[in-house]
1. If R₀ is 35 angstrom, what is the calculated FRET efficiency for the pair E71 and D127, using the beta carbon separation as r and rounding to 0.05?
2. Using the alpha-carbon centroid of each, what span in Å lies between segment 49-105 and segment 114-159?
3. Rounded if a/c is under 1.5, else prolate if a/b beats b/c, else oblate: with a ≥ b ≥ c from the C-alpha gyration tensor eigenvalues square-rooted, which is segment 110-208?
4. Run the simple label-point estimate for E158 and E26 please: 7 Å along Cα→C-beta, distance reported in nm.
5. Return a whole-number percent for the relative contact order of segment 5-106, with Cα pairs under 8 Å and 6 or more residues apart as the contact set.
6. Starting from the coordinates of the alpha-carbon atoms of the chain, obtain the Kirkwood hydrodynamic radius over all distinct pairs and give the value in Å to one decimal.
7. So which trypsin sites (Lys or Arg not before Pro) in segment 137-190 end up in coil per DSSP with only 16 or fewer other C-beta atoms within 10 Å?
8. Write out the GluC sites (Glu not before Pro) in segment 89-184 meeting two conditions: DSSP loop, and at most 10 other Cβ atoms within 10 Å of their Cβ.
Amino acid sequence: MPPLLKINNPNGLSAGVWEITETHNELLEKAALSTEEKKVLDSYKNEGRRMQWLAVRALLGEFMNPRPVIEYKENGKPFLPGRKEHISISHSGKLAAIALHNTINPGIDVEEIHPKINKIAHRFVSDIEMSYLNQDTLTEQLCVIWAAKEVLYKTNTESMLSFKQNLSVSRFKLADKTEFTGTINKDGVVTTHKLLCQKINNYILVYTL
């Protein structure tokens, strides 16, 4: 199957979402792994995690041919060795997502909407953010905030950030697609990012514009 979603915006961002509908062998064929990548895949024992890992590589192949290998820095951030493009990766449930940009660190995050997020809201939602949330749609709004802060975190390469203290999300409206802003405030340095949120079935997708 082709990607569920493919985005190329005027600011140079390329992004896509893959819905996992294939069997393991079908996805393995689409990913076209190198010998070293097959060893990495074999190290994952959880079948869901294996499928997500394969889906990310199959999706990257839709944007780059030949598909580069994805490696990871000590801080866990992915990169494409020998390539100028910066990459961001996310996966949740049956969806995998990537974002690419030639000159800046993009951010993308996909989250399955699930009530369990309510139990950890106090860890990442500020008092100001909580004040504008609607109790009738709280779970979905919390997923948006979490995904947005994941995106902000991924754009930052210099230091550790507290989701609650260093990252903030502007008021937003729940819709199939909506734009809002996210802010990073670290050591008195404030940067603002335009974000887009899109609902895909029971998932929330957020990425940098």
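Only the coordinates and a few stated rules stand behind these numbers; no lab work does. Quantities reported herein were computed from a predicted structural model and do not represent experimental measurements. Positions of Cβ are backbone-derived with ideal geometry, glycine not excepted, and every protein chain shown enters the neighbour counts.
1. E between E71 and D127, to the nearest 0.05, is 0.35.
2. 24
3. Values: a/c = 1.71, a/b = 1.40, b/c = 1.22.
The shape class here is prolate.
4. 4.6
5. On the way: 143 pairs, mean separation 31.8, N = 102.
Across segment 5-106, relative contact order equals 31 percent.
6. Details: mean 1/r = 0.0564 Å⁻¹.
Every distinct Cα pair counted, the radius reaches 17.7 Å.
7. K164, R171, K173
8. Working: sites: E111, E112, E129, E140, E150, E158, E179; in loops: E158.
Sparse-neighbourhood loop GluC sites (Glu not before Pro): E158.
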